[in-house]
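**Q** Please read through the structure below; I'll follow up with questions.
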Amino acid sequence: MQKPHRVLLDRVSVYADEAAAFMRRRRVARRPFARLYYPHGRSADHAQDSRSGAELFVAAGRLIEVAGKREKG
Amino acid sequence: MIQEARARVTPGIFADMADAAPAAAPDKESAEAALAFLTEMSPDLRGAAILGPEGEVLAATGEGPERWREDAAALFAAADGAEDVPVEQVHIATEQGEVFAIRNAGLAAVTVTERFALASLMLFDMRSTLRQLASPNFGTPGGTEPRRDD
């Protein structure tokens, strides 16, 4: 029979693994996207290789350039 | 039938609401205060700008408000042109960061954040900032300026 503290440590370890896997999946799943929201709650995604999507990504890239790197600690 | 009637009437209702447009464009001092508050509230924020009804920059982080004006105008032009319908909100996620833009109360705000910023929270903060800024009581004692607890 395992000591109680071992059981607790194992459980914490499992939770940590789950959290790490979740973050990994989230990063992989969140590819670049452009999403526009219209009145009445409608939204539309625009693929990066579409004409409208390409324009949006170019405009976004310029804004990211203007904002620069993060200054806060 | 009811839905058709609702679709015809609803835009008219929203056009009459206080959110549709401010009575007058807020001054730059108020916009800077609102931007400072937004920056403080959003730990993922890298930079932001608040734009007036004509697209002019009322407040912006860093230097180069002219660049913010040009690039924000380009973003809204691209977004509006995607379906030839004016957008309310824009969210673009790239490898280098994320861009949010919103129109509310006749004003607009554009922010750039780190990757994986919480989108709904960011857009909520931006919307409430613009709404408060457009309020005629913003910045007055007892007005709608965001209160700080510290």
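**Q** Could you tell me which numbered condition A:ASP49 fails, if it satisfies all but one of (1) part of a helix (DSSP H, G or I); (2) loosely packed, with under 11 Cβ neighbours inside 10 Å?
**A** Checking A:ASP49 against (1) part of a helix (DSSP H, G or I); (2) loosely packed, with under 11 Cβ neighbours inside 10 Å, the one that fails is (1).
**Q** Also, I was wondering about something else. May I ask you to list the residues in the stretch B:72-84 that are out of contact with any strand residue (DSSP E or B) (no Cβ under 8 Å at 6 or more places or on another chain) and at the interface with chain A (Cβ under 10 Å from one of its Cβ atoms)? Before you say what the answer is, go through the steps one by one.
**A** At the first step, the residues of the stretch B:72-84 found to be out of contact with any strand residue (DSSP E or B) (no Cβ under 8 Å at 6 or more places or on another chain) are B:73-74, B:77-78, B:80-81, B:84.
Answer for the stretch B:72-84, where residues must be out of contact with any strand residue (DSSP E or B) (no Cβ under 8 Å at 6 or more places or on another chain) and at the interface with chain A (Cβ under 10 Å from one of its Cβ atoms): B:ALA73, B:ALA74, B:ALA77, B:ALA78, B:ASP80, B:GLY81.
**Q** Can you give me the number of residues within the stretch A:24-40 that are facing chain B (nearest Cβ under 9 Å), out of contact with any Pro (no Cβ under 8 Å at 6 or more places or on another chain) and part of a helix (DSSP H, G or I)?
**A** The qualifying residues number 3.
**Q** Does B:PHE124 fit the bill of being in a loop (DSSP other than H, G, I, E, B), at pLDDT below 95, within 20 Å of B:ALA34 (Cβ to Cβ) and under 16 Å from the mean Cα position of the chain (by Cα)?
**A** In short, no.
**Q** Could you please let me know if B:PRO136 is in contact with a Lys or Arg (Cβ under 8 Å, 6 or more places away or on another chain) and not in a strand (DSSP E or B)? Break it down stepwise before answering.
**A** Values: in contact with a Lys or Arg (Cβ under 8 Å, 6 or more places away or on another chain): no; not in a strand (DSSP E or B): yes.
Criteria not met by B:PRO136.
**Q** Next question, about the same structure. Return the only residue of A:LEU63, A:LEU36 being closer than 11 Å to B:VAL99 by Cα and in contact with a helix residue (DSSP H, G or I) (Cβ under 7 Å, 6 or more places away or on another chain).
**A** Among A:LEU63, A:LEU36, only A:LEU63 is closer than 11 Å to B:VAL99 by Cα and in contact with a helix residue (DSSP H, G or I) (Cβ under 7 Å, 6 or more places away or on another chain).
**Q** So in the stretch B:56-71, with the set limited to residues that are within 7 Å of another protein chain (Cβ to nearest Cβ) and assigned to a helix (DSSP H, G or I), which one is surrounded by the fewest Cβ atoms within 10 Å (Cβ to Cβ)?
**A** Result: B:ARG67.
**Q** Answer yes or no as to whether A:ARG35 is modelled with pLDDT under 85 and in contact with an Asp or Glu (Cβ under 7 Å, 6 or more places away or on another chain).
**A** Values: modelled with pLDDT under 85: no; in contact with an Asp or Glu (Cβ under 7 Å, 6 or more places away or on another chain): yes.
Spelling it out, it is not the case that A:ARG35 is modelled with pLDDT under 85 and in contact with an Asp or Glu (Cβ under 7 Å, 6 or more places away or on another chain).
**Q** Taking B:GLY47 as meeting all but one of (1) small (Gly, Ala, Ser); (2) at the interface with chain A (Cβ under 7 Å from one of its Cβ atoms); (3) surrounded by fewer than 19 Cβ atoms within 10 Å (Cβ to Cβ); (4) in contact (Cβ under 8 Å) with a residue 40 or more places away in the chain, write down the number of the exception.
**A** (3)
**Q** Among the candidates A:ALA59, A:ALA54, which residue alone is within 7 Å of chain B (Cβ to nearest Cβ) and at pLDDT 90 or above?
**A** On the way: A:ALA54 fails: within 7 Å of chain B (Cβ to nearest Cβ).
Step by step, each of A:ALA59, A:ALA54 is checked, and only A:ALA59 is within 7 Å of chain B (Cβ to nearest Cβ) and at pLDDT 90 or above.
**Q** List the number of the failed condition for B:GLN96; all other conditions in (1) surrounded by fewer than 20 Cβ atoms within 10 Å (Cβ to Cβ); (2) more than 7 Å from chain A (Cβ to nearest Cβ) hold.
**A** (2)
**Q** Which one of these is within 16 Å of A:LEU63 (Cα to Cα) and over 15 Å from the mean Cα position of the chain (by Cα): B:ALA73, B:ALA93? Please lay out each step first, then the result.
**A** Working: B:ALA73 fails: over 15 Å from the mean Cα position of the chain (by Cα).
Residue meeting the stated conditions: B:ALA93.
The values are calculated or read from the model by the stated rules, or taken from the named source; none is laboratory data. Note that the structure is a prediction, hence the values are computed from the model and not measured. So basically every Cβ, Gly included, is an ideal-geometry build from the backbone, and we count neighbours across all protein chains shown.
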